Amino acid sequence: MAKRILLIEDEANQRILYTETLEKEGYEVNPVSNGEDGLKLLEKKDVDLVIIDIRMPKMSGLETLSHILGQRKNLPVIIYTSYPQYKQDFMSWAADAYIVKSSTGLDELISKVKELIGV
């Protein structure tokens with residue numbers, strides 16, 4: 001059975017790209033566009049890992065991370081964002097990884113996913 005990933009990303013094109021890339025690696029991806037939808041999905045579905053952006057409408061990634069860890073503190077979470085400055089935020093330290101989107105960021109993301117949950 002494929003490992004399940006919850007992907008929380010507000011940018012539609014990036015959400016599609018990350019979903020397709022992770023599915024090619026053999027993962028089942030559950031993409032949502034905001035933290036509220038991500039939390040609702042977590043109530044209904046078991047996942048092995050969460051990938052989350054930081055700056056999103058309705059609820060920030062850090063706020064969503066706080067809720068996720070309140071529900072399932074052992075669930076691995078990767079912050080995948082365009083904003084390196086949030087790495088200094090205390091809440092971001094609770095994530096298992098903080099990766100800045102870049103030309104090599106997607107490769108780094110896949111590598112970290114494999115490290116955390118295997119294939």
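Since every read-out is calculated from the coordinates, none of them should be taken as a lab result. Just so it is clear, the structure is predicted and the values come from calculations on it, not from any experiment. Because the Cβ atoms are built from the backbone with ideal geometry, glycine has one as well, and the counts that use them run over all protein chains shown.
One table, with the values for the structure above:
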| quantity | calculated |
| --- | --- |
| Virtual spin-label span in nm between residue 41 and residue 66, 7 Å along Cα→Cβ | 2.2 |
| Likely footprinting exposure, 109, 6, fewest C-beta neighbours within 10 Å first | 109, 6 |
| R0 of 30 Å, Cβ-Cβ distance residue 28-residue 73: FRET efficiency to nearest 0.05 | 0.85 |
| In the range 21-81, the trypsin sites (Lys or Arg not before Pro) that fall in loop regions by DSSP, at most 16 other Cβ within 10 Å | 45, 55, 58, 72, 73 |
| Built amide H within the under 5 Å cut-off of residue 101, gap 5+ | 81, 82, 83 |
| Dipole magnitude (debye, nearest 20) for the range 1-55, charges at Cβ of Lys, Arg, Asp, Glu | 120 |
| Dipole axis of the range 4-117 (+1 Lys, Arg; -1 Asp, Glu on Cβ), positive-most option in 22, 103, 84 | 84 |
| FRET E, pair residue 91, residue 1, Förster distance 30 Å, beta-carbon r, rounded to 0.05 | 0.40 |
| Count, lysine Cα pairs under 18 Å in the range 71-119, 8 or more residues apart or across chains | 4 |
| Which of 119, 113 has the fewest Cβ neighbours within 10 Å, and the rest in rising order | 119, 113 |
